[in-house]
Amino acid sequence: MSRKQVCRALVAACAFALSAQAFAQDVLIRNATVHTATAQGTLKNTDVLVRNGRISAVGAHLAAGNATVVEANGRELTPALFGGITDIGLEEVSGESSTVDSTQALGEKQDPAVRPEFDVTLAYNPASVLVPVARVEGIGWTMLAAGSTEGGSIIGGQGGVVRMDGSLDSVGPRALFVSLGAGASPLTGNTRAAQWMVLDQLVAEARGRMSADSKFALLTPMGRAALAKFLDRKGLIVVNINRAADIQQLLRWAKRNNVRVAITGAVEAWKVADELAAAKVPVFVDTLADLPGDFDQLGATLENAARLHAAGVQVAIQSAGSHHARKVRQMAGNAVANGLPWEDGLAALTRVPAEAFGVAGEFGTIAPGKRADLVLWDGDPLDVTALAQQVWLDGRAMPMRSRQTELRDRYLRAQGTLPRAYPAGTN
């Protein structure tokens, strides 16, 4: 790079930094009911001061200085919520394959089919219509998942945390996604028993105990390097699994191979809650699973989250689907209605997933030094009738508009000389 090119790059970098600071707003949110999602719990009649995109102070009677003052009048303030493990930004229309990037299906002639190096975050689209739809509901971030599909393998690939602020890059370390149990058995010869055989071989290949030149090898050279990053507790493997017996097998496999895991689905996890707590495995639950969906879910109960929490398991909310991410609040509320303490219901959408995915140093709680990712509500945030009145990400007030609100405003406005389908101002 020439000296002139270096100067241009520095000027561009400085311009970008200045523009970012210009959009960062210093804000004092005064007299709020602050749900910190920390050991401090809920603080009433409390102020939160935001400077340069970070929480500067939390306390009573804080001086505003030159910050914009928002009068909360006792309303509830929370960290921006976790939207669950989703495909937001990876899937626009589920029935249109050209807009779905969360799975990879390798053809039968493409061998090997196990590709842990596959990283879905590279396809993330921050301009997706689903981003503002989720954001206006108080959701500030999500974990992108790599899914297994027909023609693929039980190893879906890698995903990562993305924020709903319009930025392209993911934040935090990657997680590797794996599917086990009856739903994934077609990928392993129609038997779940073969899943453990495949996993053991993959570990052996990644650790160099099996020759890469073997005709039975399942991984590419890049795949071995990618999988090695998740062994010896260096990374997190997120496993979708439901049956209690399968969860026990997973805990044994993880201990035998020194692997750090988290569980999603986990419909029968309550049956092995003590073992999960002892292994310090976080569990992402579907709190609406009250009836068996298949033979892996015969033990479904609405008390799953509460029973896990009582045993000492860190509980988070799995997902309500990419197009219905707003329903994670209902899922947390359902868990609270069935025995989970309210503060832990909020933690399931804030602190716990942030800790599980290695981003707790940035967000998930309200505390000095954290990103100013905040939501002001007009009621209990775990009540479906409550609405997010303002979302701030990095201290920037996000537009409280989405395609859904625009369609609402378009079709509910007073009818003029033309049908409502015509935008306002059309002649």
A careful count of residues in segment 353-378 that are in contact (Cβ under 8 Å) with a residue 40 or more places away in the chain, surrounded by fewer than 20 Cβ atoms within 10 Å (Cβ to Cβ), within 23 Å of Gly235 (Cβ to Cβ) and among the small types (Gly, Ala, Ser) gives 1
By residue number, the members of segment 57-98 that are without any contact (Cβ under 8 Å) to a residue 60 or more places away in the chain, part of a loop (DSSP other than H, G, I, E, B) and outside the structural domain of Ala134 (by TED's automatic domain parsing) are Ala60, His61, Leu62, Ala63, Ala64, Gly65, Asn66, Ala67, Asn73, Gly74
Within segment 134-179, restricting to residues that are of a type in the set (A, V, I, L, M) and more than 20 Å from Ala320 (Cβ to Cβ), the one that is surrounded by the most Cβ atoms within 10 Å (Cβ to Cβ) is Ile155
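Kindly indicate which of Thr301, Thr287 is of a type in the set (S, T, N, Q), closer than 18 Å to Gly333 by Cα and surrounded by fewer than 22 Cβ atoms within 10 Å (Cβ to Cβ).
So the residue among Thr301, Thr287 that is of a type in the set (S, T, N, Q), closer than 18 Å to Gly333 by Cα and surrounded by fewer than 22 Cβ atoms within 10 Å (Cβ to Cβ) is Thr301.
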**Report entry** Filter pass, Ala212 being in contact with a Pro (Cβ under 9 Å, 6 or more places away or on another chain), part of a loop (DSSP other than H, G, I, E, B) and in contact (Cβ under 8 Å) with a residue 12 or more places away in the chain
**Finding:** yes
Restricting segment 207-224 to residues that are among the charged types (D, E, K, R) and surrounded by 12 or more Cβ atoms within 10 Å (Cβ to Cβ), the one farthest from the chain's Cα centre (by Cα) turns out to be Arg207
Item checked: Residue check for Asn52: outside the structural domain of Pro353 (by TED's automatic domain parsing), closer than 23 Å to Val359 by Cβ and not aliphatic (A, V, I, L, M) -> yes
The correct count of residues that are in contact with a Pro (Cβ under 9 Å, 6 or more places away or on another chain) and at pLDDT 95 or above in segment 166-177 is 1
task = Return yes or no: is Thr350 over 20 Å from the mean Cα position of the chain (by Cα), of a type in the set (Val, Ile, Thr) and either more than 10 Å from Pro79 (Cα to Cα) or buried (at least 24 other Cβ atoms within 10 Å of the Cβ) (or both)?
result = no
Pairing a residue in segment 29-48 that is outside the structural domain of Glu343 (by TED's automatic domain parsing) and within 16 Å of Gly138 (Cα to Cα) with any residue that is among the small types (Gly, Ala, Ser) and buried (at least 22 other Cβ atoms within 10 Å of the Cβ), where Cβ atoms lie under 6 Å and the two sit 6 or more apart in sequence or on different chains, gives Ala37/Ala347
Item to complete: May I ask you to verify whether Val359 is in contact with a helix residue (DSSP H, G or I) (Cβ under 9 Å, 6 or more places away or on another chain) and under 17 Å from Ala37 (Cβ atoms)?
Response: yes
Original post:
Within segment 293-314, is there a residue that is out of contact with any Leu (no Cβ under 9 Å at 6 or more places or on another chain) and at positive phi?
Top reply: no
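Determine if segment 392-403 includes at least one residue that is among the aliphatic types (A, V, I, L, M), closer than 23 Å to Arg75 by Cβ and over 20 Å from the mean Cα position of the chain (by Cα).
yes
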Any residue in segment 248-260 that is assigned to a loop (DSSP other than H, G, I, E, B) and farther than 24 Å from Leu202 by Cβ? no
Checklist line | Residue match in segment 295-308 (condition: of a type in the set (A, V, I, L, M), under 24 Å from Phe177 (Cβ atoms) and out of contact with any strand residue (DSSP E or B) (no Cβ under 8 Å at 6 or more places or on another chain)) | finding: yes
Query raised in the report: Does segment 237-244 contain any residue that is modelled with pLDDT of 95 or more and either surrounded by fewer than 19 Cβ atoms within 10 Å (Cβ to Cβ) or part of a helix (DSSP H, G or I) (or both)?
Result: yes
- Message: Whether any residue in segment 412-425 is at pLDDT 95 or above and assigned to a loop (DSSP other than H, G, I, E, B) is what I want to check.
- Response: no
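The values are calculated or read from the model by the stated rules, or taken from the named source; none is laboratory data. All values derive from a computational prediction rather than experimental measurement. We place every Cβ from the backbone using ideal geometry, glycine too, and count neighbours over all the protein chains shown.
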